[in-house]
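The structure appears below as structure tokens.
The values are calculated or read from the model by the stated rules, or taken from the named source; none is laboratory data. Everything numeric in this text was worked out from a predicted model, so none of it was measured. Don't worry about glycine lacking a Cβ; one is built from the backbone with ideal geometry, like all the others, and counts go over all protein chains shown. Calculation scope for accessible area: heavy atoms of the full protein, side chains included, ligands and nucleic acids excluded. Shrake-Rupley method; radii C 1.70, N 1.55, O 1.52, S 1.80 Å.
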Amino acid sequence: MRATFPHLLHLDVALGILYPSLGIEIVPPPPITQKTIEIGVKLAPQNACFPLKVTLGNFIEAIERGADTIFMVGGVGPCRFGYYGQIQRIILEDLGYRVRFVLLDHPRYGMRSFLSALRAMTGGRLFLPEIVRVARLSFAVLRFTEELEAHRRALRCQVKDPQELDRVIDGTIEALRQVKTFGELEALKTGALEKLNALPRNGRKDFLKVGIVGEVYIAQETRVNFNVEKLLGDLGVYVHNSVSTVEYVLHTFRPFTRSREKLEAWELAKPYLKRFVGGEGIDSVGSAIRYAREGFDGVVHLYPFTCMPEIVAKGVLQAVSRDFDLPVLHLAIDEHSGEAGLVTRVEAFVDVLERRKQEKKRGLKRNGSLSRS
């Protein structure tokens, strides 16, 4: 079996550890490029979500590299993500590709079919002790890649040389591909954190703080969102992303449990959005409210153009923005989006946030002078 899967940030690093232990050769799609997008756009329905088009391009490029099996997950609720796998399978069959398409549908649609797909994705060795150990190691690696990206977002505005920051993090992520034991993982963690702590700082103490909310694929996959996190960091902004690949994987395999952060976000969203609207719609609203309460200066809302759950969230976020005096920049991404236009909008947004912050400081100083007099 030569299996492939869609790109999602560093998911390929974790699966590269898991699948060889199962006797499955992985064929990762090549990095997402304009060619990947053009393939998907040409073959997918015109009104399909942008992530469907990009991941379809991933699959075709991987098939051309020799993949004979595709692993894909499904979804639930009003979000069209639940249809991706079925539509992509039909498109590939119509094109004449003879590949096995394994769709790991959500357990809500039937535990038997979920377990059947899971066994297919593990070569029928789902519960063997060695498989469980490697699966735990793979997930721990995925979690650490997410921690590294959190460090990248937080430190980019603080270090003297952001390129050195990237070298440390990218080098560590490459080294993770060779991890075989938890001991090796812990050694890499220790070494990486020591290197990050040793990076010279630029001495700045006061940063703009911007949170990112939105749909999981667009908010996480830097190769389709024009790496907006790096852009913000290079503009001197402290960035935090509320969207988590780890949380997404956990919810897929443990559908009836949620992390403390997600439960908190859903609770915060209740006054504005009480009903599940699919995808990350409620999470986007609740996370934006949390950012407002934590004193963030603004929020960037990333989502695919025509994404129904995030369009609902966008409408609700307008009320959140007004009630909490929190500027929100909405960025809808599709195949027609251009980097130059996005950069201009982000730079203008940061300028607005900086002026607001300076005006608040001047207002506090004036109020302080009046109170002392």
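Proximity of backbone amide H atoms, modeled 1.01 Å from N, is registered between residue 100 and 69, 70 at under 5 Å, excluding neighbours fewer than 5 places apart on the same chain.
Computed over protein heavy atoms with a 1.4 angstrom probe, the accessible surface ordering of 223, 356, largest first, is 223, 356. Can you bin segment 264-373 into rounded, prolate or oblate? Criterion: square roots of the alpha carbon gyration tensor eigenvalues sorted a ≥ b ≥ c, rounded for a/c under 1.5, prolate for a/b above b/c, oblate for the rest. In terms of gyration-tensor shape, oblate. Accessible surface for residue 240 stands near 80 Å², nearest 10, in the context of the full protein assembly shown (1.4 Å probe). A straight line joining the Cα centroids of segment 3-58 and segment 271-315 runs 26 Å. Counting protein heavy atoms only, the chain has 55 percent of its accessible area on carbon and sulfur, 1.4 angstrom probe. Straight Cα distances below 20 angstrom link residue 53 to the lysines 35, 42, with same-chain residues fewer than 8 positions distant left out. Only DSSP H runs of four or more residues enter the estimate; each adds -39500 (n - 2.57), and after division by the residues of the chain the mean residue ellipticity at 222 nm equals -18500 deg cm²/dmol. Residue ranking by accessible heavy-atom surface, 1.4 Å probe, largest first, among 7, 336 comes out as 336, 7. Dividing the mean sequence gap of close Cα pairs (under 8 Å, 6+ apart) by how many residues segment 1-108 holds gives a relative contact order of 29 percent. Accessible surface computed residue by residue for the chain, with neighbouring protein chains in place and a 1.4 Å probe, gives 47 Å² per residue. Beta bridges from DSSP with both residues in the chain: antiparallel share about 5 percent, rounded to the nearest 5. For residue 261, the accessible surface of its heavy atoms amounts to roughly 80 Å² (probe 1.4 Å, protein chains only, rounded to the nearest 10).
Rolling a 1.4 Å probe over the protein chains gives residue 19 an accessible area of about 10 Å².
Relative contact order for segment 217-348: 22 percent, from Cα pairs under 8 Å spaced at least 6 residues apart, divided by residue count.
Using a Gaussian network model of the chain with C-alpha springs under 10 Å, which one of 211, 203, 338 is most mobile by mean-square fluctuation? Checking each option, the largest mean-square fluctuation is seen for 203. Given +1 at the Cβ of Lys and Arg, -1 at the Cβ of Asp and Glu and no other charges, the dipole of segment 261-373 around its Cα centre is 900 debye to the nearest 20.
The order of 344, 245 by accessible area, most exposed first and with a 1.4 Å probe, is 344, 245.
For the chain, the dipole from Cβ point charges (+1 on Lys and Arg, -1 on Asp and Glu) about the Cα centre works out to 1120 debye, to the nearest 20. Structural descriptor for segment 136-223: relative contact order 32 percent, calculated from alpha carbon pairs under 8 angstrom and at least 6 residues apart.
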